[in-house]
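*Asks:* Got a structure for you, questions after.
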Amino acid sequence: MPISRTVRSFALLLSPVLAIAQTAAPPADNSTVHITSRIVYVDVVVHDASGHLVHGLMQKDFQVFEDGQPQKVDYFVAHSYDLAAPRPVPSPRPKNEFSNVPMSGPAGSVNMILFDLVNTAPEDQQYARGQMLAFLKALPPGQQIALFVLSDQLHIFQSFTGRSDLLTTAAKMINPANMRLLESDAEQQHDIDNLGYMEDALSGRDPGQSIQSLANMMTEQQEQSNEIRQRITLSAFAAIANAAAGYPGRKNLYWLSGSFPFSITMQSQYNMTGPVQFSTLNNPDLPVPDLNAVQDTAKLVANSQIAVYPISVLGVQTSGVGVDVSGDSTAALSGTSGEPSTNGRGSDSVKHTMGDTLAQQFVNRSSLHGAMEQIAQETGGEAVFGSNDLAGALRSTMEDGSNYYTLAYRPQNQNWNGAFRKIKVELTQHGYSLTYRRGYFASPGEITNEDAAQELNAALQPAAPQSTLLLIRSKLTLPDANAPYLLADTTVDPAGIDFTTDAAGVRHGELLVLLVALNESTNGKPAVQPDNPPQTSGALHLDFTPEEYQEILKTGIRFGLKLPLKPGNYRLRLGVTDMNNHRLGTLDMPLTIPAST
């Protein structure tokens, strides 16, 4: 669905409007992190020796170090929240009034579930879905959660809501799917078993290295699938970070998955011998991990103050092979076996012992757990594996993520060279365990793309979740006999906008705005989008005297957008991006224009 990038000018409405409640004057406990503000926020969960949460600690009880150097804590707040206590469900907004961040925000911590189909084998998805449903059904009233699903791309199945029935209904719509990008251990064993059968058919030989060539091709396909999974997952995490950035404080992301493809070193699955293994991994035609993409995504997650809880849906894992796999020709998932051949191309046999296979399964489990622990440590979450009680794991981790201490400091090291800096938090008292993120990238500025219009276009695609990097409110007025167009009276919070200031004290800025009307689905059927949906766009030039700037800090930046629309069901998508720092906000607005209008 192409969205036009034609820029049209429109008028800035100068009439006074109400201030945006969320950030015109940040509350005392607003701990939203932006690394580029030169303030580092660290959320710390504290347990005693028995594993119970510790409450009642004070600022003087904590010490913070960055790269071994003590730091002065400038800000401290303790967060305590009882998940079991019911809370009132927020009242719905007035008709035709919308915001990309609820006025009250979610009660307690901001909690999000990511149900990952891309990195989970189909046979594990059904059980994980049932466990997630059991958890959602038991939620107390008012406990707000957002539900994301990762398949071909990131989909938001349910935005933040405190209604358990809405969440369970959304979760029931998740259908197990085989993305054909991830093979389970059983599938890998079958593939390698078939290679052994081929060798048996050739009397135990591999003339012309034909079997090894097939194994190399399998290796390349597996590496390409790994690279695709990594890129899809990184893109999803970036979208989630942008969606949650506007909410104050800590955000907890519970990642239900069968694998976690953030490891920089990708291990081959089909290499049968040592020499071939190394030659395959060094093949210049194979895709390599995009280290910049990994680092940029880590920055976005840190800036949005997200703690990731990797939760393995594999449950309790044991070694062995299935009854439908031959033990005689089972090969290890990777490794070496047999005597090297004289031609330097590795062993003349692809067969491995059962012991090799079991040993490799142990290595694979250890690698999975290590990757999960690394993700958790880097973000301040906790890894959960080796448990069949996924519902219980979600309950316990959500309780941990809702009871924590926020510390903030201004780093003494002012060299913003992009290097990774290690964070260490200690308590003056002993006997406690602390969970917190272990570092951050000292970036010199915001993460931006060069093309703001392209960035905004991508953010407004039908499946993209709302972005809250800029906070937006909008009130829609339907067409009537006197005004045959839709009016979107919109207010943007100036807190996320970068202004330049001239010698006279006048502040200057520029916003790119786009409003597009998508067809809304009816009767549960996906909507068919036109090639050129109705839309309007423009560049908004901002020039505020010191007095005007002080006023818009209270009232917000207000403008109007007009869009001719015929009767029908629509999902309006409004996007605003700051041309200086590329921070953007998007807003979804379902709307029905009756035929009698």
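*Asks:* How many residues, within the range 56-74, are of a type in the set (S, T, N, Q) and closer than 11 Å to residue 408 by Cβ?
*Replies:* Kept after step one, since they are of a type in the set (S, T, N, Q), are these residues of the range 56-74: 59, 63, 69, 71.
After this cut, where a residue has to be closer than 11 Å to residue 408 by Cβ as well, the list is 59, 71.
Adding up the residues that qualify gives 2.
*Asks:* For residue 494, only one of the following conditions fails: (1) surrounded by fewer than 20 Cβ atoms within 10 Å (Cβ to Cβ); (2) in contact with a strand residue (DSSP E or B) (Cβ under 6 Å, 6 or more places away or on another chain); (3) modelled with pLDDT of 90 or more. What is its number?
*Replies:* (1)
*Asks:* Among the residues of the range 420-445, count how many are in contact with a strand residue (DSSP E or B) (Cβ under 7 Å, 6 or more places away or on another chain), modelled with pLDDT under 90 and outside any strand (DSSP E or B).
*Replies:* So the count comes out to 1.
*Asks:* Name every residue in the range 525-553 that is part of a strand (DSSP E or B), of a type in the set (A, V, I, L, M, F, W, C) and surrounded by fewer than 16 Cβ atoms within 10 Å (Cβ to Cβ), in order of residue number. Let's see the steps before the verdict.
*Replies:* So the first thing to find is which residues in the range 525-553 are part of a strand (DSSP E or B), and the list is 525, 535-544.
Cutting the leftovers down to of a type in the set (A, V, I, L, M, F, W, C) gives us 539-540, 542, 544.
Scanning the range 525-553 gives a single hit, 539.
*Asks:* Let me ask something additional. Does residue 91 satisfy the condition of being at pLDDT 90 or above and among the polar types (S, T, N, Q)?
*Replies:* Here the answer is no, as residue 91 does not meet what is asked.
Conditions tested, residue by residue: (1) farther than 30 Å from residue 80 by Cα; (2) modelled with pLDDT of 65 or more.
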{"site": "186", "(1), (2)": "yes, no"}
{"site": "190", "(1), (2)": "yes, no"}
{"site": "193", "(1), (2)": "yes, yes"}
{"site": "202", "(1), (2)": "yes, yes"}
{"site": "227", "(1), (2)": "yes, yes"}
{"site": "233", "(1), (2)": "yes, yes"}
{"site": "246", "(1), (2)": "no, yes"}
{"site": "249", "(1), (2)": "no, yes"}
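*Asks:* Considering 408, 419, 393, 442, which residue is touching an Asp or Glu at 6+ places or on another chain (Cβ under 7 Å) and small (Gly, Ala, Ser)?
*Replies:* Among 408, 419, 393, 442, only 408 is touching an Asp or Glu at 6+ places or on another chain (Cβ under 7 Å) and small (Gly, Ala, Ser).
*Asks:* Within the range 446-481, count every residue that is assigned to a loop (DSSP other than H, G, I, E, B) and either of a type in the set (A, V, I, L, M) or touching a His at 6+ places or on another chain (Cβ under 6 Å) (or both). Reasoning before the result, please.
*Replies:* Taking the range 446-481 and keeping what is assigned to a loop (DSSP other than H, G, I, E, B), we get 446-451, 460-467, 469-471, 478-481.
Cutting the leftovers down to either of a type in the set (A, V, I, L, M) or touching a His at 6+ places or on another chain (Cβ under 6 Å) (or both) gives us 447-448, 460, 463-464, 469-471, 478, 481.
The number of residues fulfilling the criteria is 10.
*Asks:* Yes or no: the range 573-587 includes at least one residue that is farther than 20 Å from residue 452 by Cα and surrounded by 14 or more Cβ atoms within 10 Å (Cβ to Cβ).
*Replies:* No, every residue in the range 573-587 fails to be farther than 20 Å from residue 452 by Cα and surrounded by 14 or more Cβ atoms within 10 Å (Cβ to Cβ).
*Asks:* Going through the range 54-64 one residue at a time, which ones are more than 28 Å from the chain's Cα centre (by Cα) and either assigned to a loop (DSSP other than H, G, I, E, B) or closer than 24 Å to residue 401 by Cβ (or both)?
*Replies:* Just the residues of the range 54-64 that are more than 28 Å from the chain's Cα centre (by Cα), to begin with: 54-63.
54, 55, 56, 57, 58, 59, 61, 62, 63, listed by residue number.
*Asks:* Another one. So is residue 591 part of a strand (DSSP E or B) and over 13 Å from residue 472 (Cα atoms) or not?
*Replies:* Yes.
For (1) in contact (Cβ under 8 Å) with a residue 24 or more places away in the chain; (2) over 33 Å from the mean Cα position of the chain (by Cα), each residue gets a yes or a no:
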{"residue": "478", "(1), (2)": "yes, yes"}
{"residue": "501", "(1), (2)": "no, yes"}
{"residue": "515", "(1), (2)": "yes, no"}
{"residue": "529", "(1), (2)": "yes, no"}
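*Asks:* Consider the range 419-434. How many of its residues are within 20 Å of residue 377 (Cα to Cα) and touching a residue at least 60 places away in the same chain (Cβ under 8 Å)?
*Replies:* 11
*Asks:* Suppose we filter 371, 376 for residues that are part of a helix (DSSP H, G or I), of a type in the set (Gly, Ala, Ser), at pLDDT below 90 and within 22 Å of residue 62 (Cα to Cα); which single one remains?
*Replies:* One residue alone meets the criteria, 376.
*Asks:* If I filter the range 484-500 for residues that are assigned to a loop (DSSP other than H, G, I, E, B) and closer than 16 Å to residue 571 by Cα, do I get at least one hit?
*Replies:* Yes, the conditions are met somewhere in the range 484-500.
*Asks:* Might you let me know whether the range 554-566 holds any residue that is in a helix (DSSP H, G or I), surrounded by fewer than 16 Cβ atoms within 10 Å (Cβ to Cβ) and touching a residue at least 60 places away in the same chain (Cβ under 8 Å)?
*Replies:* yes
*Asks:* Within the range 386-419, take every residue that is part of a helix (DSSP H, G or I) and among the aliphatic types (A, V, I, L, M) and give me the one that is surrounded by the fewest Cβ atoms within 10 Å (Cβ to Cβ).
*Replies:* The selected residue is 391.
*Asks:* In addition: So, of the residues in the range 465-475 that are buried (at least 20 other Cβ atoms within 10 Å of the Cβ) and more than 18 Å from the chain's Cα centre (by Cα), which turns out to be farthest from residue 94 (Cα to Cα)?
*Replies:* The qualifying residue farthest from residue 94 (Cα to Cα) is 471.
The values are calculated or read from the model by the stated rules, or taken from the named source; none is laboratory data. Everything numeric in this text was worked out from a predicted model, so none of it was measured. Because the Cβ atoms are built from the backbone with ideal geometry, glycine has one as well, and the counts that use them run over all protein chains shown.
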